[in-house]
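The values are calculated or read from the model by the stated rules, or taken from the named source; none is laboratory data. All values derive from a computational prediction rather than experimental measurement. Every residue, glycine as well, gets a Cβ built from its backbone with ideal geometry; the counts of neighbours run over all protein chains shown.
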Amino acid sequence: MKAYKGLLLIFLTMGSSVFLWYFATPIAPIHPLSKLGHIIGGLAITGLFLVFLFATKNKLLERWFNGLARLYFYHKVLAIFSLGFIIIHGQLQKMVPDEELPQTSLHEWAKELGELAQYGFIILIVLAFLAKFLKYEHWRWLHRLLLLPYTVGIYHTYFSSQYDLLQPSAIAIFTALTTTIGFMSALYMMTMYQDMFFPYSGSISNIQKLNSHVIELELTLTKKLHYRPGQFLFIKIFQEGIEKAPHPFSISGGDGEKIIVTIKTVGDFTRQVYDHIQMNTPVAVDGPFGHFNFDKGANQQLWIAAGIGITPFLAYLQTKPEKKIDLYYSFHGLDNIVYKDFLQNYAQTNDHFTVTFIDTTQEDRLSFDHLTIPKQTSIYICGPEKMIKQFKSSAPTSKIEWEGFIFR
Ligand SMILES: Cc1cc2nc3c(=O)[nH]c(=O)nc-3n(C[C@H](O)[C@H](O)[C@H](O)COP(=O)(O)OP(=O)(O)OC[C@H]3O[C@@H](n4cnc5c(N)ncnc54)[C@H](O)[C@@H]3O)c2cc1C
C-alpha cells in the first residue's frame, strides 16, 4: 500500500513554502538571486520541520505513511533534500551582489551562524547516513546533536532574512508554525522521548531460552495494551547491566495484559538481555506500532518470514484465523529456526494453513519464481532488509506488505 496521505502532506507543506516565499514582500526590493535564495532557504527550513516531525513516531503520521518504516524512509529522503537546499541556498547567497546583502551587525552575525549551521548539518547528516558503520548508540548520540544546527538555522532564518518574519504576514505565520513545531519535535525526540512518554509499565513475568541465542520474554503490564497481531513495541528494561535505551520488538503473542516478545541476540543489548534478564525486572513500553493488518488482507495470504522475522506472524496464528495462509519460513541452518514444532502442529491441525521450511544452508533462497501465487493474494514479508528489497522489486501484486527489522 502506498503512503498517499503522507506524500500529500509533504507536497502540500513544501508547495506552501515555495508559494508563500515567492509571494512574500521583502523589506526592500531585492535581487532575483536573493529572492531565489530565500525560496530555497525556505524549502530547507520547511524540509527540516518535516524531518523532525517525522522522527516523533506520531501515530497519525505512522498511519498516513502506512508504517513507521516508510515514515522513516521519507524522514531520510527529506533530510537529503533539505541538505541539498541548504547547500544551494548558501551558494546562491554568495552570488548575490554585495550591496544587496544584509548590512546590520545582527544580520551579519545571523549570516555567519547560518554558515556554521550549514557545516553542522553537512557533517551530522553525512554521519547519519553512515549508520551501518557506527554502533547504534553512537549513531543516536550524533543524531541528537542535529538539534544544535537546527536551532542555529532557525535563528539564521529569522535574523538574516530580507523579509520581516516578526511582522504578521502569511510567510511569518507559516515560518513561526513550522519552526515552532519542528523545534518542539526535535527537542522532544532528542531529549525527552527516551525518559518520558512510555505509557505502559510492567515487569518480566516469564523467561524462556528457546536456543543458544533466542530468548522469549513474557511482560505483565499494569494496564492492557490493545494491539493488532503483527505490530511491535519499543521496550525499555530497567535492570543493572542492561542498556536503558528503548529497542523495538514485534509482539509474538499475549492478550495485551501479558505480552510475549521473542528476542534474538545480535548485539550488546540483546546479548545483555539473553545473559542477564531476571524475573520481576521492571519494563516500560511504548506502542503499539506497525501497519501489518492480517485481518484486512485477502482471504488468501502468502507469508514469507526469515529467521527471527517469524515473530509478527506468530501473534496472528494465536487468534486462530479462518484465512487460507501459506507460510514460507526461511532460516540459515537449524540453529536459526524458532517455534518449528508449534508451526508444524498448527499446520497439522488447521487445514487452511501450510508451512514450508527452507533451510538456506541446504537449499536455494526463496524467490517469487518458486511460487505459484493465486490472484487476490495478500503477501506479507518479514525478515532482513536485503531479503525484503529483493521481494519488493519482484512482487507480482501490489498487495504486498513488509516489515524490516531495521530503521535508522
Ligand atoms: C519493527 C521492528 C521489529 C523488530 N522485532 C524484533 C523481534 O521480534 N525480535 C528480534 O529479535 N528483533 C526484532 N527487531 C530487531 C531488534 O530491535 C534489534 O535486533 C535490536 O534492537 C538490536 O539491539 P542490539 O543492541 O542488541 O544490537 P546492535 O548491534 O546495537 O543493533 C543491531 C541493529 O538493530 C537496530 N537497533 C539497535 N538498537 C536499536 C534501538 N534502540 N532502536 C531501534 N533499532 C535499534 C539497528 O538497526 C542496529 O543496526 C525488530 C526491529 C524493528 C525495527
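Tally the residues that are within 9 Å of the ligand (Cβ to nearest atom) and among the aliphatic types (A, V, I, L, M), restricting the search to the range 252-268.
Number satisfying all stated conditions: 3.
Regarding the range 169-191, can at least one residue be identified that is closer than 30 Å to VAL96 by Cβ, away from the ligand (no atom under 16 Å from the Cβ) and in a loop (DSSP other than H, G, I, E, B)?
yes
Can you name the condition, by its number, that TYR158 falls short on among (1) over 19 Å from the mean Cα position of the chain (by Cα); (2) under 25 Å from GLY67 (Cβ atoms); (3) of a type in the set (Phe, Trp, Tyr)?
Here TYR158 clears every test but (2).
Scanning the range 269-298 for residues that are farther than 30 Å from GLN376 by Cα and small (Gly, Ala, Ser), which turns out nearest to the ligand (Cβ to nearest atom)?
This residue is GLY287.
Given the conditions (1) near the ligand (Cβ under 9 Å from one of its atoms); (2) in contact with a helix residue (DSSP H, G or I) (Cβ under 7 Å, 6 or more places away or on another chain); (3) in a strand (DSSP E or B), report the number of the one that PHE249 does not fulfil.
(2)
What's the total number of residues in the range 313-336 that are in contact with a helix residue (DSSP H, G or I) (Cβ under 8 Å, 6 or more places away or on another chain) and farther than 16 Å from PRO229 by Cβ?
5
Restricting to the range 124-168, count the residues that are within 16 Å of the ligand (Cβ to nearest atom) and either surrounded by 15 or more Cβ atoms within 10 Å (Cβ to Cβ) or part of a helix (DSSP H, G or I) (or both).
Residues flagged as within 16 Å of the ligand (Cβ to nearest atom) and either surrounded by 15 or more Cβ atoms within 10 Å (Cβ to Cβ) or part of a helix (DSSP H, G or I) (or both) within the range 124-168 amount to 15.
Of LEU317, LEU334, LEU327, LEU343, which residue is surrounded by 20 or more Cβ atoms within 10 Å (Cβ to Cβ), more than 29 Å from the chain's Cα centre (by Cα) and assigned by TED's automatic domain parsing to the domain that holds PRO384?
Every option except LEU343 fails the conditions.
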